[in-house]
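The values are calculated or read from the model by the stated rules, or taken from the named source; none is laboratory data. Remember, predicted model here, so these are calculated numbers, not experimental data. FYI the Cβ positions are ideal-geometry reconstructions off the backbone, even for glycines, and counts take in every protein chain you see.
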Amino acid sequence: MKFYITTPIFYPNSSPHIGTAYTTIAADALARYKRLRGYNVYFLTGTDENAQKIVRTAEARGMDPKTYVDGVVDKFKELWEQLEISHDDFIRTTEERHHEVVKEIFTKLYEQGDIYKSEYEGWYCTPCETFWTENKLVDGRCPNQDCGREVELLKEESYFFRLSKYQDALLSHIRSHPEFIQPASRRNEMIRFIESGLEDLCVSRTTFQWGIQVPFNPKHVVYVWLDALINYISALGYPNGDRYNKYWPADIHLMGKDIVRFHAVIWPIILLALGVPLPKVVYGHGWFLSKEGGKISKSRGNVQDSFELIRRYGSDAIRYFLLRELQVGSDGTYSEDSLVERLNSDLANDLGNFISRSLAMIVKYRDGIVPTPSVDTNLELELKVLAREVKTAAEERMDSFDPAGALEQIWRFVARCNKYVDETAPWALAKKEDQQERLNTVLYTFAESIRILAIFCYPFMPGVPNKICSLLGQDSNLIKWEGLECWGVIKPGSIVEKGEPLFPRVDMSQFEGEAEVVEVKNISETVNKEQVSANEPVQVGNVEQISEFEPIKEEITIDDFAKLDLRVVKVLKAEKVEKADKLLKLEVELAGEIRTVVSGIAQYYSPEELVGKSVVLVANLKPAKLRGITSQGMILAASHGEILEVLTVDKDISAGARVK
Ligand code: ME8
């Protein structure tokens, strides 16, 4: 019953923003959830300080790197405090405890022949802290889609790490542990990437001295990524510390998709070389994009001052918004408008309103004293059953690292509570002498539902349960996950108060005249943009970038394209193909002709959803047999990550029409 969870250690070259906050909040929600479920949790976060870009940024400020990072690290710590992040440890890679372990590991790998000395000649992108070969550059600049900045030519003596030696062992681990890299789309990317061949990685630098010295050759400092990844065990006191023995291997390394490769390739290979067990899960979530579409990052200048956002909307609302918005496997959009919209709808209208209304009624009709319930009707029973159902569903989502999915489930309960108020209409019961017992049951059900909500909210909005407990006149040890299965916990006779609304509605115009929150006012603000890093995707060694999309295929001519005969067809019938989870058998109409098409879309569409749709068929594709059924063509669909959408024609155009 232990659970070790980590965030990436962030570069303290600029203040944390909504993107960095997301990973940390998501890890916090998982850590809090596991603690509630009785796990012995160790939650680690920290800062990655030995990067060349830190030296550059500090130099540009006329500061020494350590003084510079100390200032930014304080900002991180302060923000995590304001966001109620419950980490157990905060590791800084400038700390001695980390240096010692990195040195020990570097020496061991060298002594066993996995690190060797050679010479690196190639390009380096400092903002991305990445080595590039000439042929990967785009117009002589960093090929990283989110960077494009100038690269520098390096020709220096370097130590190299034999990634190639462990390629097969890594692939076999990934294949035999399907849960190791999640979500599945990232796993597939990684498999393709490793299969294309790993090159040995340059793991030391000689052109600056900031960082961890190679113990047997102090001219070199350890490459920042090798150094950084080791934090996950140095923080536990590897190789013999009690915490290391207790918590390793990590149950999950949580991060953005930009750095999955480092964690799914370099990190496991370091561990394989050391003979240390691999982490159980490497999970890469999507990015927050701005409304305009680019990744939220400091270098794009589209970040907002997180402290100001908290002042405006409160930490719980920001946590809720971020956790609810980023769906598994996809990117999400961040904007202040959408934050306010969710705050007003989900928190003020749905959650807050239910709590205020129902407490106000206990105060109004029973002087704030929770009454003794009488007999339950179906309405109460339904609510109790739903609480259990939602508990199970939320557990499933949280156990598969899906806080957005868990919140979606919990909001089913919130919606049901609001409906319950309307269905029971306590204001009408209050007027009838013979309905007072019924009113007691309804008011008691309110109190219990609020208690249930307090527990559900705890992992996501840790400020809410305490406020609720105090409104309900209860002790906060009421917050127990098992409490979701009980009914009747609140003692009749308890005194509740109406209190202030938990989430007052916000009108953005109330901030008019105040400074815009766009653009962080922080320590690195004045630094030349070229020199300030971004929190951008970074490349591994001398390897090609893997985009989240497949590469564009080879060019074709218009004549090649004209060979395809694409037609609108109408789906007349659809059914599952027996013993084939992924296949649907469709009957489609094409200008009077009926065709059978077998399509691998059963995991995305139920048969009923497809009937009646006008979809696009590759009509001149050579028929093929699938599971004994002859498929006469192929339906077009768009897919990305875990989403798949069949292409449909929305105007009523006749079946048989050509698509060109
Ligand atoms: O990469 N949306 O640090 P970093 C979602 N030091 N998450 C985002 C985001 C966005 N727009 N922007 C940043 C590093 N992140 C290394 C890590 S670990 C051994 C070393 C989050 O400061 C996301 O978790 O550039 C991403 O992976 C991380 O910040 C990058 O942080």
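Remarks
- The one condition from (1) at pLDDT below 95; (2) touching a Phe, Trp or Tyr at 6+ places or on another chain (Cβ under 7 Å); (3) not β-branched (Val, Ile, Thr); (4) not in a helix (DSSP H, G or I) that Ala58 does not meet is (4).
- Within segment 150-172, residues that are in contact (Cβ under 8 Å) with a residue 40 or more places away in the chain reach partners that are loosely packed, with under 14 Cβ neighbours inside 10 Å and among the acidic types (Asp, Glu) with beta carbons closer than 6 Å, at six or more positions or on different chains, in the pairs Glu157/Glu119.
- Checked against (1) at pLDDT 95 or above; (2) touching a strand residue (DSSP E or B) at 6+ places or on another chain (Cβ under 7 Å); (3) closer than 17 Å to Ile9 by Cβ, Ile259 meets all criteria but (1).
- Members of segment 57-112 that are surrounded by 20 or more Cβ atoms within 10 Å (Cβ to Cβ), without any contact (Cβ under 8 Å) to a residue 12 or more places away in the chain and within 22 Å of the chain's Cα centre (by Cα): none
- Members of segment 227-251 found to be closer than 15 Å to Ile91 by Cα and out of contact with any strand residue (DSSP E or B) (no Cβ under 8 Å at 6 or more places or on another chain), listed by number: Asp227, Leu229, Ile230, Ile233, Gly237, Tyr238, Tyr244
- Residue check, Glu189 surrounded by fewer than 23 Cβ atoms within 10 Å (Cβ to Cβ), among the acidic types (Asp, Glu) and within 16 Å of the ligand (Cβ to nearest atom): yes
- Taken residue by residue, segment 335-356 has no member that is in a strand (DSSP E or B) and either among the β-branched types (Val, Ile, Thr) or in contact with a strand residue (DSSP E or B) (Cβ under 7 Å, 6 or more places away or on another chain) (or both).
- The listed residue being within 19 Å of Leu322 (Cα to Cα), within 12 Å of the ligand (Cβ to nearest atom) and not charged (D, E, K, R), out of Gly46, Gly19: Gly19
- Trp287 vs. criteria near the ligand (Cβ under 8 Å from one of its atoms), under 15 Å from the mean Cα position of the chain (by Cα) and in contact (Cβ under 8 Å) with a residue 24 or more places away in the chain: yes
- Residue among Pro143, Pro127 that is assigned to a loop (DSSP other than H, G, I, E, B) and farther than 25 Å from Val73 by Cβ: Pro143
- Extreme residue, nearest to the chain's Cα centre (by Cα), among residues of segment 327-354 that are at pLDDT 95 or above and among the hydrophobic types (A, V, I, L, M, F, W, C): Leu339
- Residue in segment 174-181 that is assigned to a loop (DSSP other than H, G, I, E, B) and surrounded by 18 or more Cβ atoms within 10 Å (Cβ to Cβ) present: yes
- Lone qualifier among Asp337, Asp251, Asp316 - being within 15 Å of Gln182 (Cα to Cα), more than 14 Å from the ligand (Cβ to nearest atom) and not hydrophobic (A, V, I, L, M, F, W, C): Asp251
- Test: residue in segment 218-235 that is closer than 19 Å to Tyr124 by Cα, surrounded by 23 or more Cβ atoms within 10 Å (Cβ to Cβ) and at pLDDT below 95: no
- Just one residue in the set Leu339, Leu359, Leu379 is in contact with a helix residue (DSSP H, G or I) (Cβ under 8 Å, 6 or more places away or on another chain) and under 26 Å from Ser306 (Cβ atoms); that residue is Leu339.
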